[in-house]
1. Looking at (1) out of contact with any Ser or Thr (no Cβ under 9 Å at 6 or more places or on another chain); (2) modelled with pLDDT of 95 or more, which is the only condition ALA143 fails?
2. Which condition number in (1) at pLDDT below 60; (2) surrounded by 10 or more Cβ atoms within 10 Å (Cβ to Cβ); (3) under 23 Å from LEU126 (Cβ atoms) is the one that ALA70 fails?
3. Do the conditions hold for GLU231, that is, is it in a loop (DSSP other than H, G, I, E, B), assigned by TED's automatic domain parsing to the domain that holds LEU343 and either more than 30 Å from GLY86 (Cα to Cα) or at pLDDT below 95 (or both)?
4. When you look at SER290, is it closer than 20 Å to ARG362 by Cβ and without any contact (Cβ under 8 Å) to a residue 40 or more places away in the chain, yes or no?
5. Suppose we filter ASP134, ASP106, ASP98, ASP125 for residues that are exposed (fewer than 13 other Cβ atoms within 10 Å of the Cβ), at pLDDT below 95 and not β-branched (Val, Ile, Thr); which single one remains?
6. It is to be established whether one or more residues within the stretch 314-324 are in contact with an Asp or Glu (Cβ under 7 Å, 6 or more places away or on another chain) and either of a type in the set (A, V, I, L, M, F, W, C) or at pLDDT 90 or above (or both).
7. From the list PRO130, PRO110, PRO144, exactly one residue is touching a Gly at 6+ places or on another chain (Cβ under 7 Å) and not acidic (Asp, Glu). Which is it?
8. Looking at the stretch 82-95, which of the residues that are touching a residue at least 60 places away in the same chain (Cβ under 8 Å) and in a loop (DSSP other than H, G, I, E, B) is surrounded by the fewest Cβ atoms within 10 Å (Cβ to Cβ)?
Amino acid sequence: MQGVLSGRRMLGAWVGLLALALGAGAAGNAASAAGSGGPEQPVEIAEFLPQGRVSGVEAVQLRFSGSASAFGDAAAVAPVALDCQGRVPQGQGRWLDDTRWIYVFDTTLPAGVHCAARANPGFRDLAGQPLAADLRYEFNTGAPSVADVRPYSGTTIDEEQVFILRFDAAVDAALVAQQSHCVVQGVGEKIPVRQVSGEYRESLMRAAYLPQPVEADSLALLQCARVLPPEAQVRLEVGPGIRALEQAGSLPGSQKAEIWEYEVRPPFMASLSCQRERAGQPCLPMTPVSVTFSAPVPREALQGISLRAGDQQFEVESDTDGQDFLSYVRFPGPFPANATLTLALLEGLQDDAGRALENSERFPLAFKVAGYPPLAKFASGTFGVIERFAHGRPGAAPQEAAAVPVTLRHVEADLTARGMASPPGRVSNLRSVDDAQVLG
């Protein structure tokens, strides 16, 4: 009886354990079912552009890992809010599709702008979930830099050159001048830079072939505070520490100087040149005489230039008719052989920058003209040929004049031509009959 009871008790215990297990399984299934029917996980931002230090920013773009907005819903809320500091243009955001959102600025962001993107509290994805509250993306356009400069680096400048700098953002030109200086070869100190008044800006811009910028404050006109010595090597150094107007306070100024190198033009001088048989000899009488200036000279100032041989005056000729400034003039010739010519310039002659002629004490300048030399010499050295067509080339249009109206010179007066008579040759026929005659 006790064995039967014990068996029944064990059976009841097993039944109880089975019921407990079944109850636990049912509870687990219920919990699992409840979990599967709960709220979905929110979608995440898979890509955000731009980030960090960038330039030329026109738009902000982000892409979600899945559908985040109803496609085609024009009233859909922006997922992020942009907070920008600096001179920021207006813009507008929109959804491109159910996973991509973009914010487009009306114009490209200038330098000196800092932007931060945070989750928009009013945004909910398709499952009704917000973005993470600590979401944050940042980017900035850095400090301003020079986008264009006149004159170009490596060119020749004058002693009081004005440098035109166009920045990629609005700047305070006076502060730019304070952060800049000139370095001149042979001068043991940095030369300060001063700002040039805006009243000269339009004329200087036209002279440099530069259009007026959209942002007027992006220009800075600078000039070395000291007249530069001729032919000196010069460096213009701008920065560091250049900041944009209204630049974000969290952004530092430019970190290093921008440098351009130049060479100051030589002093204003005049020089005479002509063709010679060899160095140190007088000028050839049939070739032009040229006067070259190291800087442009007003055309009217050259009307007083003259070239004379005694009472005979030679006309000046220029290949640049119509120009207001000239760098050379030419006297075409020909000139009297073995004569002395005198070149005179206008007294007080100045170049386009108002500089006086550095070597004015050399003028009036007297120089010699040689005799007519042979243009083709022979071994005897007693005669030469100078021109084939004494009256111009046949068929030339227009008719060309000869440089010198003779063909031969330095020919002996008693030179005669001798004819040489030679007897006519004898013609005969050779008829060979064997190999020996042919080989012989």
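1. Only one criterion in (1) out of contact with any Ser or Thr (no Cβ under 9 Å at 6 or more places or on another chain); (2) modelled with pLDDT of 95 or more is unmet by ALA143, namely (1).
2. Answer for ALA70: the failing condition is (1).
3. Numbers: in a loop (DSSP other than H, G, I, E, B): yes; assigned by TED's automatic domain parsing to the domain that holds LEU343: no; either more than 30 Å from GLY86 (Cα to Cα) or at pLDDT below 95 (or both): yes.
It is false that GLU231 is in a loop (DSSP other than H, G, I, E, B), assigned by TED's automatic domain parsing to the domain that holds LEU343 and either more than 30 Å from GLY86 (Cα to Cα) or at pLDDT below 95 (or both).
4. Working: closer than 20 Å to ARG362 by Cβ: yes; without any contact (Cβ under 8 Å) to a residue 40 or more places away in the chain: no.
Judged against the criteria, SER290 is not a match.
5. On the way: ASP106 fails: at pLDDT below 95; ASP98 fails: exposed (fewer than 13 other Cβ atoms within 10 Å of the Cβ); ASP125 fails: exposed (fewer than 13 other Cβ atoms within 10 Å of the Cβ).
Checking each option against the conditions leaves just ASP134.
6. The first filter runs over the stretch 314-324 and keeps only residues in contact with an Asp or Glu (Cβ under 7 Å, 6 or more places away or on another chain), leaving none.
The answer is no, given that none of the residues of the stretch 314-324 is in contact with an Asp or Glu (Cβ under 7 Å, 6 or more places away or on another chain) and either of a type in the set (A, V, I, L, M, F, W, C) or at pLDDT 90 or above (or both).
7. Numbers: PRO130 fails: touching a Gly at 6+ places or on another chain (Cβ under 7 Å); PRO110 fails: touching a Gly at 6+ places or on another chain (Cβ under 7 Å).
The unique qualifying residue is PRO144.
8. Among them, the one singled out is ARG87.
The values are calculated or read from the model by the stated rules, or taken from the named source; none is laboratory data. Since the structure is predicted, the reported quantities are computational estimates derived from the model, not experimental observations. Here the Cβ is made from the backbone with ideal geometry for all residues, glycine too, and neighbour counts use every protein chain on show.
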